[in-house]
Every structure is written in structure tokens, then in C-alpha cells.
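Written below as C-alpha cells is the structure these notes are about.
The values are calculated or read from the model by the stated rules, or taken from the named source; none is laboratory data. Note that the structure is predicted; figures quoted are calculated from it, not measured. Quick reminder, even Gly has a Cβ in these numbers, built from the backbone with ideal geometry, and neighbours come from all protein chains shown. All accessible areas refer to the heavy atoms of the entire protein, side chains included, with ligands and DNA or RNA removed. Shrake-Rupley method; radii C 1.70, N 1.55, O 1.52, S 1.80 Å.
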Amino acid sequence: MELNEKNFISELTRVFGLNGLSSYLDKERCEKFYRLTVRMLEENEKYNLTAIKEPEQIILNHYADCVMMAKKLTRGASVIDIGCGAGFPTLPLAIVRDDLRILAVDSTAKRINYVKESAELLGLSNVSVRVMRAEEGGRDGELRERFDYATARAVAQMRILCELCLPFVRVGGELVAMKGKSAEYELKDARRAIATLGGGEVKIESVVLTDGASEELTHPLISVKKKQKTPSAYPRAFAQISKKPL
Ligand code: SAM
């Protein structure tokens, strides 16, 4: 597809429609997704943001995929997005849900700069950013157990991800993780980590996205409710988390 605003918005509208996401689009949001795409492709060389470069695939694999998560988040919620990379799910969520307050976190300053500049360019005042390692931030009293949700896409295996994310979630809040085909297996493996870190009820929801032709994307969403506070021993240093996962 030649990238121009008319083509892009027509494809975005079509793919969101096919996947039950039409209610998240209006004229202004479509324009924001277009401007984000132009910027991401322009800046890709400098920041190494995405291996997906075709606009059609960006719409399905990045935008529709991340917007699926919007259904899980309650109105006005505070969200910490761990390992946001090039701003996923942060930026699509912020475009379609201006009621959310999202803190985008990544350990890489370059990517966080890109996300900050993109949010400013698109006028997304509901996004703030922080360069930080999650396991360090989880010990910071100003961030620990302060968020309604922690989100993460493609950051770590579930049992590691739980230690990186659950410390940020308030009791009663949730970790929402976007996972791949190994979700069930990863979840089984993470049961002990979830219980140790104060997690409770777990739900796994199958999400299958389509472009109406050849592409199908399976991205189960795992949500873990926070039942009680995370013990103060967690999160540990990353060397321990990865060497001896819970
Ligand atoms: N969530 C984005 C997406 O779905 O496109 C980025 C995924 S990328 C594969 C993983 C990101 O997680 C990288 O940008 C990396 O810097 C970040 N990351 C990994 N471990 C981290 C940690 N312990 N704390 C903060 N960021 C981390």
C-alpha cells in the first residue's frame, strides 16, 4: 500500500471494523494513527523501532493488537506499561482512551525519548514516560502498588514478567500481559510466581485478529488480579530474577 492519509485511514477503518474495534475510531484518532505511522517509519532507522514496515501489517500487528487491550481497562484507570519499546501498547491505547493515565517505562533511553516526542507530537497529554529498569522501579515507594494496571507486550516470560510488573499494581488492580501461542504453558510455569508476589485470580482470554485475507494473529491476554501486597523481598535484582525465576 502506498502510504498516504486516504489509503491508510481506509485500511485502518476496514481492519478495526473486521475485529470489532470500530467504536475506538473517529476522524481525529484516525489522523493520529496516520501521523504516528509516518513518524515511526521516518524514525525507524535512527531508533530501530519496528521490524514491521508495511502499513497494513502495522495496522494489524501493532495498532489493532494493542487496542484489543483497551476493552480490559476501566475508565479513568492509571496504567504502567512495562517495556514499552516503541510505545506498544502505550501509544495506541493513549490515542483511543484519553481517560487513561499511562506511564510508559523502558530501560532504553533512546526508545523512551522517541515515545515522549511522539506523544507530544500527537498531543497525548495522558502519557508520561520514565527511563527505568522495572525491577528497580518496583522498589520505589512512589511507584510501588500505585497503579490500577500494569501492562506488557513481548517483554519476558510470564514468571519473570510477574516479578517485573506485579509490584507496581495496587491490591485489587491487575497485570494484563499480551502473550503469544505459549501463553498456557507460560501461565502454568508462573503459578508459583503469581502466588508469591500477591497475585490471585488469573484469566486467559484468546484474542485472534484478522485482516480478512491471509493474516491471522493470535495473542492471548493473560490477566492476573492483585490479591495482596507483594512481599518486600520482591522484586529482586535482575540477575537473580533471571537466574532463579520464582
Ligand atoms: N512492548 C513493546 C512492543 O510490544 O513492541 C516492546 C517489546 S521489546 C521486545 C521489549 C522491551 O522491553 C525492550 O524495549 C526492552 O528495553 C524492554 N525491557 C526489557 N526488560 C526490561 C526491564 N527489566 N525493565 C524495563 N524495560 C525492559
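Listed values, structure above:
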quantity: Pair list, Cβ < 8 Å and 6+ apart or interchain, from region 169-188 residues that are under 16 Å from D65 (Cα atoms) and modelled with pLDDT of 95 or more to residues that are open to solvent by 10 Å² or more (accessible area, probe 1.4 Å) and part of a helix (DSSP H, G or I); calculated: V176/K72
quantity: Some residue of region 115-123 being within 12 Å of the ligand (Cβ to nearest atom) and closer than 26 Å to L21 by Cα; calculated: yes
quantity: Residues (over 19 Å from R75 (Cα atoms) and not in a helix (DSSP H, G or I)) located in region 153-169; calculated: R153, A154, V155, A156, Q157
quantity: Scope region 187-235; condition part of a loop (DSSP other than H, G, I, E, B) and in contact with a helix residue (DSSP H, G or I) (Cβ under 7 Å, 6 or more places away or on another chain); matching residues; calculated: A190, L197, G198, V207, D211, G212, E215, H219, P220, T230, Y234, P235
quantity: I95, sole failed condition from (1) among the hydrophobic types (A, V, I, L, M, F, W, C); (2) buried (at least 21 other Cβ atoms within 10 Å of the Cβ); (3) part of a helix (DSSP H, G or I); (4) touching a Cys at 6+ places or on another chain (Cβ under 9 Å); calculated: (4)
quantity: Out of K46, K72, K53, sole residue that is free of Cβ contacts under 8 Å to residues at least 60 places away in the same chain and farther than 19 Å from I112 by Cα; calculated: K53
quantity: Any hit, region 25-34, residues being without any contact (Cβ under 8 Å) to a residue 24 or more places away in the chain and farther than 24 Å from Y114 by Cα; calculated: yes
quantity: Single unsatisfied condition, V176 versus (1) more than 12 Å from the ligand (Cβ to nearest atom); (2) farther than 23 Å from G76 by Cα; calculated: (2)
quantity: Qualifying residues in region 133-150 (those that are in a loop (DSSP other than H, G, I, E, B) and charged (D, E, K, R)) - the one nearest to the ligand (Cβ to nearest atom); calculated: R133
quantity: Residue among L18, L36 that is under 22 Å from L217 (Cβ atoms) and crowded, with 18+ Cβ neighbours inside 10 Å; calculated: L36
quantity: Unique residue being assigned to a helix (DSSP H, G or I) and at pLDDT 95 or above when the list is E56, E31; calculated: E31
quantity: Answer residue from region 50-92, given it is among the small types (G, A, S) and open to solvent by less than 10 Å² (accessible area, probe 1.4 Å) and is nearest to the ligand (Cβ to nearest atom) among those; calculated: A86
